[in-house]
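J.: Can you read through this structure? Questions will come right after.
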Amino acid sequence: MIEEFLTHGLPDVEEAVRKAAAVEIVPRFRQLAQHEVDEKNGPHDLVTVADRKAEEHLTASLSRLLPGSAVVGEEAEAVHADPRVYGALRADAPVWIVDPVDGTRQFVEGDPHFCTLVALAQHGEILASWTYAPALDVLATAVRGQGAYVNGVRIHSGSPEPGADLRVATAHPLYTSE
């Protein structure tokens with residue numbers, strides 16, 4: 001079942017991710033009201049109405065795409081509300097792992113460098129992933145054993161060409177040490 005899905009269902013996941021972002025995230029970008037932003041565990045751990053609505057949207061659509069699968073999401077009624085949801089990662093069913101707005105602080109501040117993350121796992125192994133930056137319209141996908149792509153162009157790992165920029169992502173400075 002999962003092999004068949006990885007062969008034929010990937011474009012449907014891309015469409016679901018793009019649609020959730022278009023319907024629930026993009027209309028709220030740079031449009032949030034104060035009451036639509038909450039703190040989870042402190043001032044640097046935010047959640048917005050866009051996070052919650054996009055996760056609900058993705059949970060419904062991804063579950064329809066792969067019947068019998070579970071969803072482990074960061075917001076809404078998932079992991080933040082009930083950490084026992086993590087148990088689905090140890091079960092036999094395929095599991096969608098969803099972070100609807102990764103970079104919520106950037107999203108709240110109007111910075112376009114946030115994304116929607118979706119991964120498909122089974123038996124503790126990531127099988128495929130989708131990373132979509134809707135404000136930049138950049139989609140990165142990867143399937144175990146089939147490579148990784150950015151906007152449909154295959155990418156390769158390794159050192160950049162001499163003189164090329166090397167981009168590095170880091171965590172928030174309050175959560176790192178030297």
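The values are calculated or read from the model by the stated rules, or taken from the named source; none is laboratory data. These numbers come from a predicted model, not from an experiment. Because the Cβ atoms are built from the backbone with ideal geometry, glycine has one as well, and the counts that use them run over all protein chains shown. Heavy atoms of the whole protein, side chains included, go into the accessibility calculation; ligands, DNA and RNA do not. Shrake-Rupley method; radii C 1.70, N 1.55, O 1.52, S 1.80 Å.
J.: Just to be sure I understand, how many residues within the range 1-15 are among the β-branched types (Val, Ile, Thr) and open to solvent by 30 Å² or more (accessible area, probe 1.4 Å)?
T.: Going through the range 1-15 one residue at a time, the tally reaches 1.
J.: When residue 42 is evaluated against the numbered criteria (1) at pLDDT 80 or above; (2) surrounded by fewer than 16 Cβ atoms within 10 Å (Cβ to Cβ), which criterion, by number, is the only one it fails?
T.: Status for residue 42: all satisfied but (1).
J.: Regarding residue 94, is this residue more than 21 Å from residue 136 (Cα to Cα) and at pLDDT below 90?
T.: Answer is no for this residue.
J.: Okay, next question. Return the residues of the range 133-148 that are open to solvent by less than 70 Å² (accessible area, probe 1.4 Å) and more than 26 Å from residue 87 (Cα to Cα); say none if nothing qualifies.
T.: Our first condition is that a residue be open to solvent by less than 70 Å² (accessible area, probe 1.4 Å); within the range 133-148, this holds for 133-135, 138-143, 147-148.
Selection gives 133, 134, 135, 138, 139, 140, 147, 148.
J.: Applying the selection to the range 84-118, what residues are open to solvent by 10 Å² or more (accessible area, probe 1.4 Å), closer than 26 Å to residue 66 by Cβ and over 13 Å from the mean Cα position of the chain (by Cα)?
T.: Within the range 84-118, 84, 85, 86, 87, 88, 89, 90, 91, 92, 93 meet the criteria.
J.: Identify all residues within the range 122-150 that are without any contact (Cβ under 8 Å) to a residue 24 or more places away in the chain and over 22 Å from residue 16 (Cβ atoms); write none if there are none.
T.: Within the range 122-150, just 145 meets the criteria.
J.: Among the residues of the range 16-39, which ones are modelled with pLDDT under 90 and either in a helix (DSSP H, G or I) or open to solvent by less than 30 Å² (accessible area, probe 1.4 Å) (or both)?
T.: 28, 34, 35, 36
J.: Scan the range 151-166 and report the pairs whose first residue is open to solvent by 100 Å² or more (accessible area, probe 1.4 Å) and whose second residue is not in a loop (DSSP other than H, G, I, E, B), with Cβ atoms within less than 9 Å and a gap of 6+ or a chain change.
T.: Pairs found: 154/147; 154/148; 156/147; 156/148; 157/148.
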